[in-house]
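The values are calculated or read from the model by the stated rules, or taken from the named source; none is laboratory data. Keep in mind it's a predicted model, so treat the numbers as computed, not measured. Cβ sites come from the backbone with ideal geometry, for glycine too, and all protein chains shown count toward neighbours.
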Amino acid sequence: MEQLREGIWRWEARHPSWSEDDGGPDGWGPEVASYAIEAGGRLLLVDPLAVPAHAEQLASGRDTAIVLTCPWHERDARALGERLGLPIYVPPPDDGEGEPTPGTVYAAGEVLPGGVQAFPGIEPNDLVLWIEERRALVLGDTLVDRGEGLEIPLTWLRAVTLAEVLATLRPLLDLPVELVLPTHGPPADRAALVRAIS
């Protein structure tokens, strides 16, 4: 677990359902990122997987919530929420995709605990989180880095065109973003965000 700056920690873990079929030039690597972020006096555990002891120590005795960027990033959220008694905030589930993660459903345009704002991503339920206090954007699968910088994962688009996605994401450039936190790939800066969606 690494502290990126005051109030933001990141760790990586191998996704338990990853297989070689997921890899390749259009796929994603086995390691995915999770974050612990202090915002508005709360600690948010974002897309948690294999939560390290230090993150649990940060959560101990303080107002903490789990936030998912997309419903398929449940990872360890359900078990962690049950074990530590934490509320879970989750975007709307995909239709017919099994049992949804229990929790409070939120959508783009809403404000979450800690003043976190939800912006639309590449899908109606793949959301981008703006943590103004930390000048940070947390990305679900909207932008990824597979070794060549942040990009829109074109092969992951389902019912939208690239032009529609770019139009949806352009308002992010109006935010005073300093740090971009993808769940697939290393942290990036504002310049990388501009390159990816301009």
Query raised in the report: Looking only at residues in the stretch 2-22 that are assigned to a loop (DSSP other than H, G, I, E, B) and surrounded by 15 or more Cβ atoms within 10 Å (Cβ to Cβ), which one is modelled with the lowest pLDDT?
Result: Trp18
**Report entry** Test for Ile88: is it closer than 21 Å to Gln3 by Cα, surrounded by 15 or more Cβ atoms within 10 Å (Cβ to Cβ) and in contact with a strand residue (DSSP E or B) (Cβ under 8 Å, 6 or more places away or on another chain)
**Finding:** no
Query raised in the report: Out of all the residues in the stretch 145-172, which are surrounded by fewer than 13 Cβ atoms within 10 Å (Cβ to Cβ) and hydroxyl-bearing (Ser, Thr, Tyr)?
Result: Thr155, Thr161
Requested in this report: Give the residue, chosen from Val32, Val67, that is modelled with pLDDT under 95 and surrounded by 20 or more Cβ atoms within 10 Å (Cβ to Cβ).
Outcome: Val32
**Report entry** Residues that are among the charged types (D, E, K, R) and under 19 Å from the mean Cα position of the chain (by Cα), drawn from the stretch 49-76
**Finding:** Glu56, Glu74, Arg75, Asp76
Requested in this report: Search the stretch 99-144 for residues being buried (at least 20 other Cβ atoms within 10 Å of the Cβ) and among the acidic types (Asp, Glu), and hand back the single one that is nearest to Thr183 (Cα to Cα).
Outcome: Asp141
Query raised in the report: Does at least one position in the stretch 102-112 carry a residue that is more than 18 Å from the chain's Cα centre (by Cα) and not acidic (Asp, Glu)?
Result: no
Requested in this report: Find the strands (runs of 3 or more DSSP E) located wholly in the stretch 80-138 whose residues include 2 or more that are without any contact (Cβ under 8 Å) to a residue 60 or more places away in the chain and β-branched (Val, Ile, Thr), and list them.
Outcome: 88-90
Report task. Go through the stretch 173-188 residue by residue and tally those that are buried (at least 18 other Cβ atoms within 10 Å of the Cβ) and assigned to a loop (DSSP other than H, G, I, E, B). Result -> 5
Query raised in the report: Does at least one position in the stretch 126-133 carry a residue that is aliphatic (A, V, I, L, M) and more than 12 Å from the chain's Cα centre (by Cα)?
Result: no
Query - Residue satisfying condition, being modelled with pLDDT of 95 or more and within 15 Å of the chain's Cα centre (by Cα), within set Val144, Val180, Val194 - result: Val180
